[in-house]
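Right, one structure below, let's go through it.
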Amino acid sequence: METVKRTKIVDVLRSKDFGTTVLVKGWVRTRRGSKQISFIALNDGSTIHNVQIVVNTEAFDEETLKPITTGACISVTGILTESQGKGQDAEIQATDIFVYGTADPATYPLQKKGHSLEFLRENAHLRPRTNTFGAVFRIRHHMAIAIHQFFHERGFFYFHTPIITGSDCEGAGQMFEVTTMNLYQLKKDDLGVIDYSNDFFGKQTSLTVSGQLEGELAALALGAIYTFGPTFRAENSNTPRHLAEFWMIEPEVAFNEIDDNMQLAEDFIKHCVRWALDNCKDDIEFLNNMFDKELIERLQSVLKENFIRLTYTEGVHILEEAVAKGHTFEFPVFWGADLAAEHERYLVEEHFKCPVILTDYPKEIKSFYMKQNNDGKTVRAMDVLFPKIGEIIGGSQREEDYDKLARRADEMGVPTKDIWWYLDTRRFGTAPHSGFGLGFERLLLFVTGMANIRDVIPFPRTPHNAEF
Ligand code: ATP
Ligand code: MN
């Protein structure tokens, strides 16, 4: 027989070349049928849809067909045929089957239908083979492409910031240390302070919590940049919205002020959502039907709305009024308080019913590098708040004045000696500039409608969880 090239199932299902011979390879989702005829649903990851393989069992020997059970990997040659059943156009009448790998039904974990998401988290090595995670991870890929596309088209440069860093950008703890020292024999001085001079970098280093400070260096040279890379936070928060290892996108733009920054954030998210609707239709429809009947509607509505813009102070007023009218929150609301997800979601889901950008937060609850307003109380911060998610983006206009920046760093206990290189940008050719950070997995929560951030990253890292 002449050799046929393998076709991906996504292409087979679109093909109208009925009567031709095709070769497909993939994993068996189900097999059912009678003594004479067997139907195999085969999936190769190229699409959420399976192709139906029709097997005339009398034409094959028992040895070939027996191991074709859920999870087995097979190669099928056959005639592309117009399907009699509804739902799909093409199926394959098998003429030749080869089994690459069996999956013993007695031990293969993905047997019965409708596994819980928790069960699949415990089997994260196999969950990409389910419909749900196939859909999620295809969407994740498309969102990464959408992000690069958005910035590339607008003349931004993709800039790589370090993963191992000697500075703590937020001025707080919660970083993972990086060391090659023997933890059993740590060298300490008389005061019990660890001596890092013999460590790999000769100083204390950690995994980055943000590429922003280095991104700012690049923005003040290349004009407009973005980072897109892994980010690490050792905060011990077991929430459905926090990971210890996540991916962040951080654009930074010279000469942009806070209004430009807000517009960029809005355009950026809308581009990503539109991209998902245009390029991930089948996967999103599947997730819509499986988990979240309002998903598609929510995605479309975000595209239609202009995001509401208001100050933190106005936002707190609205929340205080809600409390006065009898609404109860778990955490207290008052000017100066950091907003909890419940407050953010009240503004977005109950009050405005559309995405909200809050600006001008109290300086005490924001980072040292944010531009100080003339009121002496607030900084030019902006958080983008989304339905079902809460904060999806955090950003600001940056303080470009050297003295103000250095003073604020001091006040907030940020060791300026460690970030002399950052402060140098304000000594040499400083300029107004702005940027923000979008959590990639928070965007994916929104676009997929999944409820738990552990289900939108292949191998989630959370407290006490790093098995896979
Ligand atoms: P939150 O208040 O939700 O903990 P944050 O204010 O600490 O977030 P930023 O420092 O502003 O977060 O980071 C920018 C963005 O990165 C956030 O808007 C969010 O989308 C994302 N992000 C922050 N922390 C995490 C995390 N632990 N896991 C996943 N995404 C995160
Ligand atoms: Mn934030």
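The values are calculated or read from the model by the stated rules, or taken from the named source; none is laboratory data. Source: prediction; values computed, not measured. Reconstructed Cβ throughout: ideal geometry from the backbone, glycine too, with neighbour counts over all protein chains shown.
Taking the criterion of being assigned to a helix (DSSP H, G or I) and under 12 Å from ARG241 (Cα atoms), the residues of the range 444-462 that qualify are LEU444, LEU445, PHE446, ILE453, ARG454, ASP455. Taking the range 401-430 as the range and being at pLDDT 95 or above and part of a loop (DSSP other than H, G, I, E, B) as the test, the residues that pass are ASP401, PHE428, GLY429, THR430. Put simply, of THR77, THR47, THR95, THR3 the only residue that is at pLDDT 95 or above and surrounded by fewer than 16 Cβ atoms within 10 Å (Cβ to Cβ) is THR95.
Of all the listed residues (ASP403, ASP410, ASP424), the sole one being charged (D, E, K, R), under 16 Å from LEU217 (Cα atoms), in the same structural domain as PHE151 (by TED's automatic domain parsing) and away from ligand 1 (no atom under 16 Å from the Cβ) is ASP424.
So which residues in the range 236-248 are under 18 Å from the mean Cα position of the chain (by Cα) and either away from ligand 2 (no atom under 16 Å from the Cβ) or of a type outside the set (S, T, N, Q) (or both), if there are any at all?
Of the residues in the range 236-248, the ones under 18 Å from the mean Cα position of the chain (by Cα) are 237-248.
Within the range 236-248, ASN238, PRO240, ARG241, HIS242, LEU243, ALA244, GLU245, PHE246, TRP247, MET248 meet the criteria.
The residue pairs whose first member lies in the range 417-444 and is under 25 Å from PRO230 (Cα atoms) and more than 16 Å from ligand 2 (Cβ to nearest atom), whose second member is among the β-branched types (Val, Ile, Thr) and not in a strand (DSSP E or B), and whose beta carbons are closer than 8 Å, counting only pairs six or more residues apart or on different chains, are LEU423/THR416; LEU444/VAL136; LEU444/ILE139; LEU444/VAL456; LEU444/ILE457.
Inspect all residues belonging to the range 69-82 and state whether any of them is part of a loop (DSSP other than H, G, I, E, B) and in contact (Cβ under 8 Å) with a residue 60 or more places away in the chain.
In the first step, residues of the range 69-82 are kept if they are part of a loop (DSSP other than H, G, I, E, B); the result is 69-72.
Then keep just the ones that are in contact (Cβ under 8 Å) with a residue 60 or more places away in the chain; that gives none.
No, the conditions are met nowhere in the range 69-82.
The one condition from (1) outside any helix (DSSP H, G or I); (2) under 20 Å from TRP247 (Cβ atoms) that GLY202 does not meet is (2). In the range 365-391, what residues are within 14 Å of ligand 2 (Cβ to nearest atom) and of a type in the set (Asp, Glu)? Result: ASP383, GLU391.
Checking the condition surrounded by 19 or more Cβ atoms within 10 Å (Cβ to Cβ) and more than 16 Å from ligand 2 (Cβ to nearest atom), which residue from LEU222, LEU207 passes?
Numbers: LEU222 fails: surrounded by 19 or more Cβ atoms within 10 Å (Cβ to Cβ).
None of the others qualify; the one that does is LEU207.
Filtering the range 227-275 to residues that are among the charged types (D, E, K, R), assigned to a loop (DSSP other than H, G, I, E, B) and away from ligand 1 (no atom under 13 Å from the Cβ) leaves only GLU257. One residue stands out among those in the range 225-239 that are modelled with pLDDT under 95 and farther than 13 Å from GLN174 by Cα: the one that is surrounded by the most Cβ atoms within 10 Å (Cβ to Cβ), which is THR239.
Restricting attention to the range 350-380, the residues that are closer than 22 Å to PHE268 by Cβ and among the acidic types (Asp, Glu) add up to 1.
Listed conditions (1) outside any helix (DSSP H, G or I); (2) in contact (Cβ under 8 Å) with a residue 12 or more places away in the chain are all met by ALA106, apart from (2). Of all residues in the range 101-117, those that are out of contact with any helix residue (DSSP H, G or I) (no Cβ under 7 Å at 6 or more places or on another chain) and surrounded by 11 or more Cβ atoms within 10 Å (Cβ to Cβ) total 7. Just checking, how many residues over the range 427-436 are surrounded by fewer than 21 Cβ atoms within 10 Å (Cβ to Cβ) and at negative phi? Selection size over the range 427-436: 5.
Could you list, in sequence order, the residues of the range 369-400 that are modelled with pLDDT of 95 or more, within 16 Å of ligand 1 (Cβ to nearest atom) and in a loop (DSSP other than H, G, I, E, B)?
To start, the set of residues in the range 369-400 that are modelled with pLDDT of 95 or more comprises 369-386, 391-400.
Now drop any that are not within 16 Å of ligand 1 (Cβ to nearest atom), which leaves 369-371, 379-386, 391-398.
Listed by number, the residues that qualify are TYR369, LYS371.
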